[in-house]
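A quick write-up on the structure given underneath.
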Amino acid sequence: MENRIKEQQLHLFADRTSTETMRANQLRLWFSSVAYVLLNELRWVGLCSTEFSQAQCNTIRTKLLKIGAQVKVSVRRIAVCLFSAYPYKEIFRLAFQNIRKAYPMLC
């Protein structure tokens, strides 16, 4: 449990409470907590059968989420075009399919 708290503080910036007001600091902590919950759900649902199933938040963030892609928006769909040499393209696709199976109401 302590490792997960440290992971949230270091990699999801839960330790940054440097603004002037207490409300702003509380909002930062809420955003960090929501980001951790979403990444944890991505780890358990989307990445359950991949090499990233036990990865830390920083690894998931840098290797799967901070990528260059072209987003094309039309009237009926949103297309995300990944770079052809992206090394984790299959894991990204598998995570997306797992999320679609687990939460069909989102897609």
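The values are calculated or read from the model by the stated rules, or taken from the named source; none is laboratory data. Everything numeric here is computed off the predicted structure, so don't read it as measured data. When we count neighbours, we look across all protein chains shown, and the Cβ atoms used for this are built from the backbone with ideal geometry, even at glycine. SASA here: full protein model, heavy atoms, side chains in, ligands and nucleic acids out. Shrake-Rupley method; radii C 1.70, N 1.55, O 1.52, S 1.80 Å.
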Test: residue in the range 85-94 that is aliphatic (A, V, I, L, M) and touching a Ser or Thr at 6+ places or on another chain (Cβ under 8 Å): yes
Condition broken by F13, with the remaining ones in (1) aromatic (F, W, Y); (2) within 26 Å of A102 (Cα to Cα); (3) modelled with pLDDT under 80 satisfied: (2)
Residues satisfying the stated conditions in the range 81-97, i.e. surrounded by 12 or more Cβ atoms within 10 Å (Cβ to Cβ) and not in a helix (DSSP H, G or I): L82, Y86, Y88
So F31, is it surrounded by 12 or more Cβ atoms within 10 Å (Cβ to Cβ), within 13 Å of the chain's Cα centre (by Cα) and modelled with pLDDT under 85: yes
Long-range neighbours under 8 Å by Cβ, at least six apart or interchain, first residue within 20 Å of I91 (Cα to Cα) within the range 67-81, second surrounded by 10 or more Cβ atoms within 10 Å (Cβ to Cβ) and small (G, A, S): V71/A79; V80/A69; C81/A69
Enumeration of residues in the range 43-79 that are touching a helix residue (DSSP H, G or I) at 6+ places or on another chain (Cβ under 9 Å), open to solvent by 50 Å² or more (accessible area, probe 1.4 Å), closer than 20 Å to Y103 by Cα and not in a helix (DSSP H, G or I): C48, S49
Out of S33, S53, sole residue that is without any contact (Cβ under 8 Å) to a residue 40 or more places away in the chain, closer than 30 Å to R93 by Cβ and touching a Leu at 6+ places or on another chain (Cβ under 6 Å): S53
